[in-house]
Amino acid sequence: MIAVVDSGYGNLRSVAKALARVGADVVVTGDPDVVRRADRVVMPGQGAFGDCVAALAGGLGDALREAIAAGRPYLGICLGLQVLFGASEESPGAAGLGLLAGRVVRFRRDRPAMKVPHMGWNRVFGRGDRLVDGVGDAPYFYFVHSYYAVPEDPDVVALECDYGVRFCAAVRRDNVFACQFHPEKSQRAGLRLLANFVEAP
């Protein structure tokens, strides 16, 4: 069973529908105990970093940490990537999960050609990951965000993207994979990524 975490800040139905389409047994839940018992965990998120981590403070954050520590595969989407870090420029003083060292920063406003938020299709590149097996070289995924993660450890960066600045598009550490883009909105490439997550050992 895959738990899609309902923190109140995510595109939950679209994510659940896309996972079901690739054969997953999905439950959308805000119950920490269900998250702990799940075989795999998906953490979507849209909105403000501070609001999302405040919602996780009621027990969901601890459940996510425990599931990850137990080795359960974790897929973070958009804010589900950003909350893995300790802090974000978007919400000074709000503490993320702190599972990855680094920071979350805003795209600069001094590049008129690069509108913020970064919205639409863009190509990703980098060393890759087993979750993007079968999507082709330098595939396009769909992004909607104004902030991006800057990990301290470059080895956790699985994919990058260029939007006036080269930024981290996905991270991988052990059983944790998280992407800034939205696989549920990314058509064939996104469905392949989700299928790889569902089928991965």
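Here are some notes:
- The combined condition, being within 17 Å of LEU79 (Cα to Cα) and more than 16 Å from the chain's Cα centre (by Cα), is fulfilled by ALA94.
- Qualifying residues in the range 32-46 (those that are out of contact with any Leu (no Cβ under 7 Å at 6 or more places or on another chain) and either more than 17 Å from LEU75 (Cβ to Cβ) or without any contact (Cβ under 8 Å) to a residue 40 or more places away in the chain (or both)) - the one surrounded by the fewest Cβ atoms within 10 Å (Cβ to Cβ): ASP33
- Residue list for the range 64-76, restricted to those being buried (at least 24 other Cβ atoms within 10 Å of the Cβ) and over 21 Å from CYS179 (Cβ atoms): none
- Checked against (1) crowded, with 17+ Cβ neighbours inside 10 Å; (2) touching a helix residue (DSSP H, G or I) at 6+ places or on another chain (Cβ under 6 Å); (3) among the polar types (S, T, N, Q), THR29 meets all criteria but (2).
- Among the strands (runs of 3 or more DSSP E) confined to the range 132-201, the ones with at least 1 residues that are without any contact (Cβ under 8 Å) to a residue 60 or more places away in the chain, of a type outside the set (Lys, Arg) and farther than 23 Å from GLY50 by Cα are located at 140-145, 157-162.
- Residue within the range 94-109 that is surrounded by 15 or more Cβ atoms within 10 Å (Cβ to Cβ), under 22 Å from VAL165 (Cα atoms) and in contact with a Lys or Arg (Cβ under 8 Å, 6 or more places away or on another chain) present: yes
- Of all residues in the range 121-131 being in contact with a Cys (Cβ under 9 Å, 6 or more places away or on another chain) and in a strand (DSSP E or B), the one that is surrounded by the most Cβ atoms within 10 Å (Cβ to Cβ): VAL124
- For the range 5-24, the tally of residues that are charged (D, E, K, R) and under 23 Å from ALA69 (Cβ atoms) stands at 1.
- Any hit, the range 10-25, residues being surrounded by fewer than 21 Cβ atoms within 10 Å (Cβ to Cβ), closer than 23 Å to LEU159 by Cα, of a type outside the set (Ser, Thr, Tyr) and within 15 Å of the chain's Cα centre (by Cα): yes
- HIS145 being at pLDDT 95 or above, over 27 Å from ALA200 (Cα atoms), touching a Cys at 6+ places or on another chain (Cβ under 7 Å) and buried (at least 16 other Cβ atoms within 10 Å of the Cβ): yes
- VAL83 vs. criteria of a type in the set (Val, Ile, Thr), closer than 16 Å to GLU199 by Cα and buried (at least 22 other Cβ atoms within 10 Å of the Cβ): no
The values are calculated or read from the model by the stated rules, or taken from the named source; none is laboratory data. Not measured: the values here are computed from a predicted model. Glycine also receives a Cβ, built like all others from the backbone with ideal geometry; neighbour counts cover every protein chain displayed.
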